[in-house]
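Undergrad: Pasting in a structure now, in structure tokens, and then I'll have a few things to ask.
The values are calculated or read from the model by the stated rules, or taken from the named source; none is laboratory data. Just so it is clear, the model here is predicted, and its values are computed rather than measured. Here the Cβ positions follow ideal geometry from the backbone for every residue, glycine too, while neighbour counts run over all protein chains shown. Heads up: the accessible areas ignore ligands, DNA and RNA and are worked out on the full protein's heavy atoms, side chains in. Shrake-Rupley method; radii C 1.70, N 1.55, O 1.52, S 1.80 Å.
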Amino acid sequence: MAKASSVLQSTVLPSFSPLHKLRSQNFTLSFPPLPVSRCRPGIHCSISAGETTRRSVEEVPDISWGCEIDSLENATSLQNWLSDSGLPPQKMAIDKVDIGERGLVASQNLRKGEKLLFVPPSLVISADSEWTNPEAGEVMKRFDVPDWPLLATYLISEASLLKNSRWFNYISALPRQPYSLLYWTRTELDMYLEASQIRERAIERITNVVGTYEDLRSRIFSKHPHLFPKEVFNDETFKWSFGILFSRLVRLPSMDGRFALVPWADMLNHNCEVETYLDYDKSSKGVVFTADRPYQPGEQVFISYGNKSNGELLLSYGFVPREGTNPSDSVELAMSLRKNDKCYKEKLDALKKHGLSTPQCFPVRITGWPTELMAYAYLVVSPPDMRNSFEEMAKAASNKTSTKKDLNYPEIEEEALQFILDSCETSISKYSRFLKESGSMDLDITSPKQLNRKAFLKQLAVDLSTSERRILYRAQYILRRRLRDIRSGELKALRLFSGLRNFFNFK
Ligand SMILES: C[S@@+](CC[C@H](N)C(=O)[O-])C[C@H]1O[C@@H](n2cnc3c(N)ncnc32)[C@H](O)[C@@H]1O
């Protein structure tokens, strides 16, 4: 939610670098049957499907922690508990809203520049929070588990203790199923996100979450089954807890960059035009944000979850902003070395040396593309007699050069731009095919529950594809103009040259 919340510390979780290597992975989601009767007394879990039969990969099992966020179920008990636990009186209240289903709404006039929230550190969940089951906490600390997996396990542990946990009211108000791509099946990802590189990132993220759970299970849980029973600590509950973390965890720069779940503050929804972030305020000793505009009573109050593209917002938060409203939007463009290139191996070696590969993705924005992408294109099109420059081009494509000197290869500029244009057009045609096949949809979606799940996911994919294709159309326009200018410049030079020749011939 806060600006830097996407920087993960864990080694097993994805890092959200703008450059993404494409990977193809074989991947299956499996949900082993979990008999409820095997749940330990005192630890509560309930899986709604597949108690006696093995679940199909298409089914989405339901765990009973949390609530439906299109209702105000548990909102009042959360507010009462927070004020009893030290949250000062608020100028906002939880309510149903048009954007984000449930959010914080001004209950009185809010001034621009006013500090709001003041959530005390005692109400914040971080890696240092006390475990209701201290033995489980000690084991996790002994293994030096990084923050994200630690917090995911903490959340499951506290959720399973229901009223015995001090976070009961908070957890009861969390979404039962966070809107995250973690909940999309492989078939849904393949079908709906076929044109977008976000599909690869979702697969990578799901694989990392499953891998993290497997790692914890084999190293810790299996050795302490009385503390971490499989009925409670399993891939399904980890999907829930990671879904909660991806959509709610914030990094608080003024609290030494600590990752935290901040009850109450995490009821704020995102607006791409807002530029205010959550942080710890040392003077008031609470988590705050500063209103960057005035709000009237009844208006929904927003913060920024960071400068994220629509694809990144879909990946972590499960929504896509309205078309054209996100100034940070970008699309990942995949570029590849040519298979028939005589210097394929030399070029690939140069790329590998700098941590790149083929295919390789680069972010394109409505305002243009990065120098790294241009450098990659130069490398792809450069002929064998330029092999001395391969290394320099690969280095420039990797974003690792400390000195950002302009790459200048006028002799292959036209070919490089044409190569980028071809890559753009290949990508555009994939989006167009998907959008054509998905048909025109005119669904007014305010709550996914009102709609068939497939229609909801399809609409999200249509929105994402439309916004990503829009950026590519813009890049296509700029590239065509540049190429036209280069070519007409060349033509002029040619005409001038033949004019001079005629002139000299005449003489
Ligand atoms: C930090 S929570 C915000 C509170 C959330 N609405 C709730 O009721 O729990 C983040 C989630 O809110 C929703 N959300 C936030 N901003 C949104 C927006 N601009 N449009 C649609 N949904 C949004 C998404 O479901 C997201 O995963």
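Undergrad: Any residue at all in the stretch 93-102 that is touching a Pro at 6+ places or on another chain (Cβ under 7 Å) and in contact (Cβ under 8 Å) with a residue 12 or more places away in the chain?
TA: No, every residue in the stretch 93-102 fails to be touching a Pro at 6+ places or on another chain (Cβ under 7 Å) and in contact (Cβ under 8 Å) with a residue 12 or more places away in the chain.
Undergrad: Among the residues of the stretch 152-180, how many are under 19 Å from the mean Cα position of the chain (by Cα) and modelled with pLDDT under 95?
TA: 4
Undergrad: Just to check your reading of the model, which residue among Thr426, Thr358 is free of Cβ contacts under 8 Å to residues at least 24 places away in the same chain and crowded, with 18+ Cβ neighbours inside 10 Å?
TA: Only one candidate qualifies: Thr358.
Undergrad: Take the conditions assigned to a loop (DSSP other than H, G, I, E, B) and either surrounded by fewer than 14 Cβ atoms within 10 Å (Cβ to Cβ) or modelled with pLDDT of 95 or more (or both) and apply them to Asp444. Does it pass?
TA: When the stated conditions are applied, Asp444 passes them.
Undergrad: At pLDDT 95 or above, charged (D, E, K, R) and more than 16 Å from the ligand (Cβ to nearest atom): does that describe Arg205?
TA: no
Undergrad: Criterion first (under 29 Å from Asn269 (Cα atoms), touching a strand residue (DSSP E or B) at 6+ places or on another chain (Cβ under 8 Å) and at pLDDT 95 or above) does Val380 satisfy it?
TA: So Val380 fails the test.
Undergrad: Could you say which residue among Phe259, Phe228 is assigned to a loop (DSSP other than H, G, I, E, B) and aromatic (Phe, Trp, Tyr)?
TA: Result: Phe228 is the single residue among Phe259, Phe228 that is assigned to a loop (DSSP other than H, G, I, E, B) and aromatic (Phe, Trp, Tyr).
Undergrad: Another one. Report the residue count in the stretch 71-84 for those that are part of a loop (DSSP other than H, G, I, E, B) and open to solvent by 40 Å² or more (accessible area, probe 1.4 Å).
TA: The number of residues fulfilling the criteria is 3.
Undergrad: Additional query: Between Leu87, Leu104, which is surrounded by 17 or more Cβ atoms within 10 Å (Cβ to Cβ), of a type in the set (A, V, I, L, M, F, W, C) and not in a strand (DSSP E or B)?
TA: Leu87
Undergrad: Taking the condition of being closer than 21 Å to Gly100 by Cα and in a helix (DSSP H, G or I), how many residues in the stretch 170-198 meet it?
TA: So the answer is 6.
Undergrad: Where in the stretch 323-438 are there helices (runs of 4 or more DSSP H), lying fully within it, with 3 or more residues that are under 30 Å from Leu313 (Cβ atoms)?
TA: 371-381, 410-438
Undergrad: If you don't mind, there's one more thing I want to ask. Quick one: which residue in Asn169, Asn164 is away from the ligand (no atom under 15 Å from the Cβ), over 30 Å from Arg199 (Cα atoms) and open to solvent by 10 Å² or more (accessible area, probe 1.4 Å)?
TA: Step by step, each of Asn169, Asn164 is checked, and only Asn164 is away from the ligand (no atom under 15 Å from the Cβ), over 30 Å from Arg199 (Cα atoms) and open to solvent by 10 Å² or more (accessible area, probe 1.4 Å).
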